[in-house]
1. Return the residue satisfying two criteria in turn: it lies in segment 301-319 and is buried (at least 17 other Cβ atoms within 10 Å of the Cβ) and touching a strand residue (DSSP E or B) at 6+ places or on another chain (Cβ under 8 Å), and of such residues it is nearest to N228 (Cα to Cα).
2. I'd like the full set of residues that are open to solvent by 30 Å² or more (accessible area, probe 1.4 Å), over 18 Å from the mean Cα position of the chain (by Cα) and more than 17 Å from N209 (Cβ to Cβ), limited to segment 136-171.
3. Pairs only if they're at least six apart or on different chains, beta carbon under 6 angstrom, first in segment 77-96 and open to solvent by 50 Å² or more (accessible area, probe 1.4 Å) and in a helix (DSSP H, G or I), second modelled with pLDDT of 95 or more and hydrophobic (A, V, I, L, M, F, W, C); list them, first residue then second.
4. With open to solvent by less than 20 Å² (accessible area, probe 1.4 Å), within 25 Å of K84 (Cβ to Cβ), outside any helix (DSSP H, G or I) and among the charged types (D, E, K, R) as the only criterion, which of D122, D117 stands out?
5. Here are the criteria: (1) of a type in the set (A, V, I, L, M); (2) open to solvent by less than 50 Å² (accessible area, probe 1.4 Å); (3) modelled with pLDDT of 95 or more. Tell me which single one V392 does not satisfy.
6. I'd like to check something: does segment 280-297 contain any residue that is out of contact with any helix residue (DSSP H, G or I) (no Cβ under 7 Å at 6 or more places or on another chain), at negative phi and assigned to a loop (DSSP other than H, G, I, E, B)?
7. Which residues, taken from segment 250-279, are assigned to a strand (DSSP E or B), open to solvent by less than 10 Å² (accessible area, probe 1.4 Å) and hydrophobic (A, V, I, L, M, F, W, C)?
8. Which count do you get for residues in segment 327-347 that are over 23 Å from K68 (Cβ atoms) and in contact with a strand residue (DSSP E or B) (Cβ under 9 Å, 6 or more places away or on another chain)?
Amino acid sequence: MSKSLFKDFEAVSSKAWKQKIQFDLKGADYNETLIWKTNENINVKPFYHADEFKTLPEVSKSRATNFKISQAINVTDAKISNLKALDAIKRGAESIIFNIESKSISLKELFQNIDLDTTSVDLKCDFLSVDFIKKAPQASSINIQTDIIGQLAKTGNWYKNLNADHSEFEKIVKTSNQLSIDSALYQNAGATIVQQLAYSLAHANEYLNYLDNKRSSEAKQSLQVTFNIAVGTNYFFEMAKIRALRQLWSTLASEYGVNDSCRIIATPSNRNKTIYDYNINMLRTTTECMSAILGGADVICNAPYDALFHNSNEFGERIARNQLLILKNESYFDKVNNPADGSYYIENITKQLAEKALDLFKDIEANAGFLSQLKEGTIQRKIKESAAKEQVDFDTEKLVLLGTNKHPNSADKMKNEIEKSPFLKIEKRKTLIVPVIQKRLSENTEIKRLNNEEH
């Protein structure tokens, strides 16, 4: 139909809506009653309107129709991992992430019979070796993830040392023309969304600055950068986070003349997962995967609901994969390219997150840069402060994890279910810097409950 259905209705301004709401509140304060402030210091209003934008936002670059369902496989035996990958692909996986522990793994055996024309593969190694990377098949669907700063932040140490790591890193990037940033580390440690975005950008900037005069213009234009992110439970804000990350990367990349498109791999956060009433983890991961899809992540790697306390098992991995298959094939989440476009709420928080993250990024760069602040412990301290605030919210039930700090099932017993420790382990070892510590919100509560089970 070419005739507008609403041409006889007058437009209603945001001012008129607010006046109507204030009238209906019957004297209650509008700001105190309906506006809430997030940990990112963003005021969330009860409604958003087109007239709050001077110009309407541009259409995002994300393509929800193209998201790939991924499965992560920890590789200790090439043949076993290969068979596991082939089975996952047969059952619906479109992407495989191989986490490789040792240089002794045979890549030829690992890739046996995997159709690289239809399946993308990411290689994430627990070591740094350009010689190993060169053994990988030469295909555009092979993604080499290399993140030496992520290694330093996570473990407190380089693989070898600063100079050796940068030298090997440069060789790997030259060979693959790819690099990656572990943004999930910051989320799982308790950083706010603004911090996650700013630290991811500053983290990437260290690489771009180091490589700037070492690459040709052609190599820069084709450089593929992958961000590994963790998606939390704040449904709309997580969508906005992914959209803001793309905007921020585009801005930073243009300054260096590199490819302004990035690849985003999303996985559910560990921070809000629990061992008690663990089936609720399926609900959490489902909404987190929905945020990732609607926000425009390229690859979604769901986490099994029992991954915290069970060893890798076929049932948990099948459920995780099927959650994504249902979203894609039965819930039609792959039918619209940019489903969040035009939502004034999401556009507004995307803009605010991007602006606040850019301000924090500029502050980091004005104070010697990300790597320097990691070495000084500034980044770790800021994340720890944010995590502590979130922990207080959990402890006071302002932040609710159903079945754990709200409506716990006292009959739920877990002592005999635990196959591996779900708790933070502090290892006494010498490190160059204090590592960024990842910890779940419910750990202390769960430890108390487990101890009580013994009595």
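1. Here the residue is C301.
2. Kept after step one, since they are open to solvent by 30 Å² or more (accessible area, probe 1.4 Å), are these residues of segment 136-171: 137-140, 151, 154-155, 157, 159-164, 167-168, 170-171.
Applying the additional criterion that residues be over 18 Å from the mean Cα position of the chain (by Cα) yields 137-140, 155, 157, 159-164, 167-168, 170-171.
Passing the criteria: P137, Q138, A139, S140, T155, N157, Y159, K160, N161, A164, E168, K171.
3. If the second residue must be modelled with pLDDT of 95 or more and hydrophobic (A, V, I, L, M, F, W, C), the pairs left are K84/I73.
4. Working: D117 fails: open to solvent by less than 20 Å² (accessible area, probe 1.4 Å).
After applying the criteria, what remains is D122.
5. Going through the list (1) of a type in the set (A, V, I, L, M); (2) open to solvent by less than 50 Å² (accessible area, probe 1.4 Å); (3) modelled with pLDDT of 95 or more, V392 breaks only (2).
6. no
7. At the first step, the residues of segment 250-279 found to be assigned to a strand (DSSP E or B) are 262-268.
Narrowing the set further to residues that are open to solvent by less than 10 Å² (accessible area, probe 1.4 Å) leaves 264-266, 268.
Once the filter is applied, which keeps residues that are assigned to a strand (DSSP E or B), open to solvent by less than 10 Å² (accessible area, probe 1.4 Å) and hydrophobic (A, V, I, L, M, F, W, C), segment 250-279 yields I264, I265, A266.
8. Selection size over segment 327-347: 1.
The values are calculated or read from the model by the stated rules, or taken from the named source; none is laboratory data. All values reported here derive from a predicted model rather than from experimental measurement. FYI the Cβ positions are ideal-geometry reconstructions off the backbone, even for glycines, and counts take in every protein chain you see. The protein model used for the area step is the full one, side chains on, heavy atoms only, and it has no ligands, DNA or RNA in it. Shrake-Rupley method; radii C 1.70, N 1.55, O 1.52, S 1.80 Å.
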